[in-house]
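Reading through the structure tokens given below for one structure.
The values are calculated or read from the model by the stated rules, or taken from the named source; none is laboratory data. From a predicted model like this one, the values you see are computed outputs, not experimental measurements. Quick reminder, even Gly has a Cβ in these numbers, built from the backbone with ideal geometry, and neighbours come from all protein chains shown. To get the accessible areas, we keep the full protein, side chains included, count just its heavy atoms, and leave off ligands, DNA and RNA. Shrake-Rupley method; radii C 1.70, N 1.55, O 1.52, S 1.80 Å.
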Amino acid sequence: MERFDRYLIGLVLANLVVNLVHATAHFGLQILPTGLDLVFIVGVILVGPIVALVILRFNPPLAAGLLAVFMGASFVYGIVSHFLVPGPDNVTLIGSQTWTVLFAATAFLLGVLELGVLLVAVIAFWAAARTPSEPVARAG
């Protein structure tokens, strides 16, 4: 297993754990996603990276590319909904409640983890693209 593969696995699993804690804070604050938000969260943020880890064993460049796309999309979605757009999901607009600190901390940590996975995935994809899949034949 390549070094980047191990980093991707560790970062994606850490991201999943923080996402589950963040989801718990969402439920505690009664901020429940619906409609397209729910589809995006389940498909792209939760399930997509896990599927990419399964693909990692068989096709590392594809998995790294998928992880870069999933994490880039997750990062943009999180920044917009947690920090830019006013609404119930914005960390600056949530009142002081029991779950507020955990919600804000995990929102920030998710952004850091998503950027980390994105960076490692891009490096892993680039490294795989530059590495020939078959050994080069020697002359003579």
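Overview of results
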item: Structure-based [θ]222 nm, the chain - -39500 (n - 2.57) summed over DSSP H runs of at least 4, per residue, nearest 500; result: -22500 deg cm²/dmol
item: Whole-percent carbon and sulfur share, accessible surface of segment 31-138, 1.4 Å; result: 75
item: Among [x] 17.8, 75; [y] 14.9, 46; [z] 16.0, 55, the entry that matches Rg and Dmax of the Cα atoms in Å as calculated here; result: [x]
item: Helix 3-29 axis, angle to the chain major axis (alpha carbon atoms, nearest 10°); result: 10
item: Residue-normalised accessible area of segment 42-108, given per residue in Å² at a 1.4 Å probe; result: 53
item: Within-14-Å neighbourhood charge of F108 [Cβ basis; K, R +1; D, E -1]; result: -2
